[in-house]
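Colleague: Following this message is one structure expressed as structure tokens.
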Amino acid sequence: MPQTTPEFDRAYKQLNDAQRKAVDTIEGPVLVLAGPGTGKTQVLTTRIANILKETDTDPSSILALTFTEAATREMRNRLINLIGKDGYLVQVTTFHSFCADVIAQNPERFSKPAGMQNVTDLEKIQIVQEILEQGTFSLLKPIGDTLFYLPYILSSISDLKREGFSVEKYSRLVSLLKDEFQIEKDELCKTARLEKEKLVLKNLDLLDIYEKYQNKLTSLGRFDFNDMINW
């Protein structure tokens, strides 16, 4: 059983009642809702240390996921301060790295073609920029500033993938939206009709761009972060 350091006792004493409750709960799920700078990382690392202190859990069987490499380094350093060398054995990594490792270690379980690589942020921007420049989009390519909606498009595609909407599934949703508008448009007032029509056209544009974006990723042998999470 790993031994905690004197730093663990100091860190534990500094917790408030709610934080201490989270740290002391070592069985079952715990949800901590708190704003920036309120000690979430400290609670998480202290809870990991407490689990190792109070049980015979193998440090290597604990997985801690975060969003950035900087955050993983911070968490790793805090763990080492709390439990010593066993902090090196806890799996502290980013979602991106974890998913990449799972896919790489289990090629028979994933349909990713061999040789595909993760697309960079710059490549994503370049792909959508090329699509906008080469295509005609009534509401997502304003005259005079053709790239105005580029950040919105990238964010929307990410949101769609995160919510499990493939191109095919999103296409069905847009078709339903379009059919709904056709049925009710004569009953809408002019303002509402124009707004609903704009919504339909924006989604049609986004669907077209989304499909071209995915085709381009495939042709380049690339996948993005949300593709990997969905796999």
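The values are calculated or read from the model by the stated rules, or taken from the named source; none is laboratory data. Keep in mind that what you see is a predicted model, and the values were worked out from it rather than measured. All Cβ positions, glycine included, derive from the backbone under ideal geometry; neighbour counts span all protein chains shown. Please note that ligands, DNA and RNA were not included when accessible areas were found on the heavy atoms of the full protein model with its side chains. Shrake-Rupley method; radii C 1.70, N 1.55, O 1.52, S 1.80 Å.
Colleague: Expressed as a whole number of Å, what is the distance separating the alpha-carbon centroids of segment 71-105 and segment 182-214?
Modeller: Between the Cα centres of segment 182-214 and segment 71-105 lies a distance of 45 Å.
Colleague: Measure nothing fancy, just the Cα-based angle from helix 95-105's long axis to the longest principal axis of the chain, in degrees from 0 to 90, nearest 10.
Modeller: Between helix and principal axis, roughly 90 degrees.
Colleague: If you work out Cα extents along the principal axes in Å from the coordinates, which of (i) 83, 47, 32; (ii) 80, 57, 39; (iii) 70, 46, 34 do you get?
Modeller: Of the labelled values, this structure produces (iii).
Colleague: Considering amide H positions built from the backbone, and no H for Pro or chain starts, which residues 5 or more places from Ala64, or on another chain, come under 5 Å of its amide H?
Modeller: For Ala64, whose amide H was placed from the backbone, the distant partners under 5 Å are Gln91, Val92, Thr93.
Colleague: Moving to a separate point now. Provide Lys196, Lys161, Lys178 ordered by accessible surface of protein heavy atoms (probe 1.4 Å), highest first.
Modeller: Lys178, Lys196, Lys161
Colleague: Let me ask something else about it. Can you work out the Karplus-derived ³J(HN,Hα) for every residue in segment 194-199? Use 6.51 cos²θ - 1.76 cosθ + 1.60 with θ = phi - 60°, whole Hz, and x for glycine or proline.
Modeller: 5, 5, 5, 5, 4, 4
Colleague: Heavy atoms only, probe 1.4 angstrom, no DNA, RNA or ligands counted: give me Glu7, Glu27, Glu54 ranked by accessible area, highest first.
Modeller: Listed by decreasing accessible area, they come as Glu27, Glu54, Glu7.
Colleague: Whole number in Å², please: accessible area per residue of segment 96-178, 1.4 Å probe, ligands, DNA and RNA not counted.
Modeller: On a per-residue basis, segment 96-178 sits at 64 Å².
Colleague: In addition: Note the full-extension length gain between Asp56 and Asp121 as 0.36 nm times their separation in residues minus their Cα-Cα distance, in nm to one decimal.
Modeller: Once the chain is fully extended between Asp56 and Asp121, it gains 19.2 nm.
Colleague: Additional query: What full-extension length gain, to one decimal in nm, is calculated for Leu139 and Glu27 as 0.36 nm per residue of separation minus the Cα-Cα distance?
Modeller: Stretched fully, the Leu139-Glu27 segment lengthens by 35.2 nm.
Colleague: Right, another one. What is the distance, in nm, between label points placed 7 Å from the Cα along the Cα-to-Cβ direction at Tyr88 and at Glu74?
Modeller: In this crude label model, Tyr88 to Glu74 measures out at 2.4 nm.
Colleague: Note the full-extension length gain between Lys198 and Phe148 as 0.36 nm times their separation in residues minus their Cα-Cα distance, in nm to one decimal.
Modeller: 16.3 nm
Colleague: What residues from segment 209-231 fall in the zone where the backbone N is under 16 Å from a label point 7 Å along the Cα-to-C-beta line of His96?
Modeller: Those under the cut-off are 222-230.
Colleague: Okay, next question. Once the whole set of protein chains is in place, how much accessible area is left on Thr120, using a 1.4 Å probe, in Å² to the nearest 10?
Modeller: Here the residue's solvent-accessible area equals roughly 70 Å².
Colleague: So, one more: Run the helix sum for the chain: -39,500 (n - 2.57) per DSSP H stretch of 4+ residues, divided by residue count, reported at 222 nm to the nearest 500 deg cm²/dmol.
Modeller: Calculated from helices alone, the mean residue ellipticity at 222 nm is -19500 deg cm²/dmol.
Colleague: Something else: For helix 150-162, report the angle its Cα long axis makes with the longest principal axis of the Cα atoms of the chain; keep it between 0 and 90° and round to the nearest 10°.
Modeller: The angle comes out near 60 degrees.
Colleague: Still on this structure, I have one more. From the backbone phi of segment 167-183, what are the Karplus-calculated ³J(HN,Hα) couplings (6.51 cos²θ - 1.76 cosθ + 1.60, θ = phi - 60°) in whole Hz, Gly and Pro given as x?
Modeller: Using θ = phi - 60°, the values come out as 4, 5, 5, 5, 4, 5, 5, 5, 4, 5, 5, 5, 5, 4, 5, 4, 6 Hz.
Colleague: Skipping prolines and chain starts, which residues have an amide H placed within reach, meaning under 5 Å, of the one on Arg222, given they are 5 or more residues away or on another chain?
Modeller: Gln117
Colleague: Next up: Report the label-to-label distance for Asp186 and Trp231 in nanometres (one decimal), using points 7 Å from each Cα along the Cα→Cβ vector.
Modeller: 5.1 nm
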